[in-house]
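Worksheet for the structure shown next.
The values are calculated or read from the model by the stated rules, or taken from the named source; none is laboratory data. From a predicted model like this one, the values you see are computed outputs, not experimental measurements. Positions of Cβ are generated from backbone atoms using ideal geometry, with glycine treated the same way; all protein chains shown enter the neighbour counts. With ligands, DNA and RNA removed, areas are computed over all heavy atoms of the protein, side chains included. Shrake-Rupley method; radii C 1.70, N 1.55, O 1.52, S 1.80 Å.
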Amino acid sequence: MDHLVVGVLGASGGLGVSSLAVALAVRAARLHGVTACVDGTTAGGGPAGGGLDVTACIEHLPGLRWCDLADAQGALDGAALLRSLPGEGSVRVLAARAERPTMAVMAAAVSALAEVCAVTVVDLGRSVEPAQWCTEVVVVSGLTARQLADASAVVPEVLRQAPAAGLVIRAGRHDPFQPEDVAAHLDLPLAAVLADDPRALTDADRALLPGARRGSALTRAADRVLSTFALSALPAPALP
């Protein structure tokens, strides 16, 4: 497959994985046309709270959600699916609401979207198994001792599922370790360091998509991650 399916996985909770996933889709859309951002958290069922459409500030828009695909069987039409999704600008979002469908249905949807989008981003949350749908996985880790222990445990599992992975470090002001040292310890390329941004909550209150504010920490991190995947070589398919 020539198109990218980028998974974003948090080694620990509370690292802003969903925001980074949306930001990656927003930034990729600037160069490569329509992108899809898919909620892959708690794949294979289970109750859903606020979905990825909330993170993308489009929860009020009509369109298909995961629960609408519960009875789908076999291969899906990527162009038709993409047209059915709610979105903002060139970013379309397949989010959870109520129950999620089976892993097989979710895998079929990701595969279908990847056929028509140069870049599909999957918010994996902390679910490792769906990493098998991805061409690359970004592992997000913090720098506390507990967070590094979580990352050390999850990285081997990710590499068993996905062909390639990179590391994003969520950094605070007084972290005890350096991002470069952590990347060397985990034997992953350091794709980006994501600093805390005090304006992030204000952006959300203003319904500004993650990655939409030029120069924000999230925007800079997303651009650095995307640059590691050689996106310049990808086609830019138009919205079907």
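So, in region 2-39, of the ones that are surrounded by fewer than 22 Cβ atoms within 10 Å (Cβ to Cβ) and in contact with a helix residue (DSSP H, G or I) (Cβ under 6 Å, 6 or more places away or on another chain), which residue ends up farthest from Arg126 (Cα to Cα)?
His3
Given the structure, is Ala114 open to solvent by 10 Å² or more (accessible area, probe 1.4 Å) and either small (Gly, Ala, Ser) or under 30 Å from Gln178 (Cα atoms) (or both)?
no
Can you tell me how many residues within region 124-151 are closer than 20 Å to Phe177 by Cα and open to solvent by less than 50 Å² (accessible area, probe 1.4 Å)?
Keep residues of region 124-151 that are closer than 20 Å to Phe177 by Cα, which gives 138-151.
Filter once more, so that each one left must be open to solvent by less than 50 Å² (accessible area, probe 1.4 Å): 138-143, 147-148, 150-151.
Residues that pass the stated criteria total 10.
Could you go through region 175-186 and let me know if any residue there is of a type in the set (Gly, Ala, Ser), more than 30 Å from His60 (Cα to Cα) and either touching a helix residue (DSSP H, G or I) at 6+ places or on another chain (Cβ under 8 Å) or at pLDDT 90 or above (or both).
For region 175-186, residues of a type in the set (Gly, Ala, Ser), more than 30 Å from His60 (Cα to Cα) and either touching a helix residue (DSSP H, G or I) at 6+ places or on another chain (Cβ under 8 Å) or at pLDDT 90 or above (or both): present.
Quick one: which of Arg214, Arg220 is open to solvent by 60 Å² or more (accessible area, probe 1.4 Å), in a helix (DSSP H, G or I) and not acidic (Asp, Glu)?
Arg220
Which pairs do you get when a residue that is in contact (Cβ under 8 Å) with a residue 24 or more places away in the chain and under 19 Å from Trp133 (Cβ atoms), found in region 85-106, comes within reach of a residue that is crowded, with 18+ Cβ neighbours inside 10 Å and among the charged types (D, E, K, R), reach meaning Cβ atoms under 6 angstrom, with the pair 6+ apart or on two chains?
Qualifying pairs under 6 Å: Leu85/Arg92; Val93/Asp53; Ala95/Asp39; Ala95/Asp53; Ala95/Arg65; Ala96/Asp39.
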